[in-house]
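Reviewing the structure listed below.
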Amino acid sequence: LFVGSDTLNVLDLSQNSKLDDVFVEEMLTALSEGETTIETLSIGECDIDAADDNDETVERISATSVEMIARYVSRSKSLSSVTLRLLNLDDIGIGELANVLKRQDCSVRRLDLGGNFGNNGIKILAEALKTNQSIKTITLGCHKNLNDVGAQELLRVSDPFAYTTHANKKTEWDCVKKSNHSLQSVYILDRPSVTVSNELITKLRSISSLQPHQTLQTKAWHHIEKHIEDISHMEIDNKYVPEVMSFVQKRGELNGLFETIRSSNSLKIFENPSPERARLSDQMDRIQKENAILKRLLKAERERSQSLRNENYSVRKTVEMKFGKKCPSWNSCKQLWLEVVDLIKEPIW
């Protein structure tokens, strides 16, 4: 059936009393070899919530088979909804599923898990969710101890400022970047082993309705606003600084923009000019070089003019010494003119 079908989208094996290791192995082999593109996979044992894991009379899917299911999920690129309620779904199985969530091409939007895991398994899951941007809803039915410690790990996945005192602002920024921005709700089912406070359960159920909604932009602004006097620890590439300036201007007040501009990192924008600024800078360099040449030519011309004035003054003095201030005769003027011409012909440099 699985091998020949290319239209099977939903496989629901929940509350199935016939599930065992042989069935799981044959099913996974058929799914892997066939052309099916399963979008919804649901596998659940009967009465898992009331089951006694020490009852040997009840046949269960072994931990090895649970890991096989998790590995199949990790290989599938079409799954968007996964439900696994298996008594032997332990921390190792959670770890296999965590590998799915870490993948960049993960398409799973809804995850429903029930099994033999608690705080440790939740921490593994939370770490994987930090790099996941597809998951929207998670439902958890834990059969091991789950308290506020594990629940806080889940909340910090979306809200890096919740229940956390960061060592420094760089650590805080790293947590912002690694946080999940798609998760909307986490439902923790009521189990005897679950002692999570009602406050945390409510917050986890309504992540998407928190005020303000925990988008990447909201978290980034919260962080920048806290450290607006110096955001150098964010190590923003110079080419992105104008976008940061625009972001701050839209989110905050004018004083915040001035504080950011004065930040040591922001000033580096002026060390990395735009192509237009670089073009104008080259043009200004050429103009300055041309101005320097013109200044040298002007200085030389001024010196030449001064030399001519000095020569004229010498000629006038010569005339006055020879003839005094009386007007000379025509022959005298002619002779004086010839002397002036001879004088002009002499080089002045």
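E229 contributes an accessible area of around 140 Å² to the protein surface, as traced by a 1.4 Å probe with all chains present. The amide H of L13, built 1.01 Å from its N in the peptide plane, has S42, I43, G44 as neighbours under 5 Å, considering only residues 5 or more places off or on other chains. Across q = 0.25 Å⁻¹, the stretch 126-223 modelled as identical point scatterers on its alpha-carbon atoms has Debye log10 I(q)/I(0) values of -1.39, in the order of the q list. Checking the Cα-Cα distances for K144/K219; K136/K169; K136/K170; K170/K219; K77/K136; K77/K203 against a 22 Å cut-off, the pairs over it are K144/K219; K136/K169; K136/K170; K77/K203. The HN-Hα couplings worked out from phi for the stretch 302-310 by the Karplus form 6.51 cos²θ - 1.76 cosθ + 1.60 (θ = phi - 60°) are 5, 5, 5, 4, 5, 5, 5, 4, 5 Hz, whole numbers, x standing for Gly and Pro. Take each peptide in 110-120, 169-179, count the other Cβ atoms within 10 Å of every residue, and average; sorted highest first, the result is 110-120, 169-179. Largest accessible area first, the listed residues R316, R302 line up as R302, R316 when surface is computed with a 1.4 Å probe on the assembled protein chains.
Classification of the stretch 70-178 by its C-alpha gyration tensor yields an oblate form. The axis ratio a/c (a ≥ b ≥ c) is 1.5 or more, and b/c is at least a/b.
The values are calculated or read from the model by the stated rules, or taken from the named source; none is laboratory data. Fair warning: this is a prediction, and the values are worked out from it, not measured in the lab. Every residue, glycine as well, gets a Cβ built from its backbone with ideal geometry; the counts of neighbours run over all protein chains shown. Side chains are part of the model used for accessible areas, which takes the heavy atoms of the whole protein and leaves out ligands, DNA and RNA. Shrake-Rupley method; radii C 1.70, N 1.55, O 1.52, S 1.80 Å.
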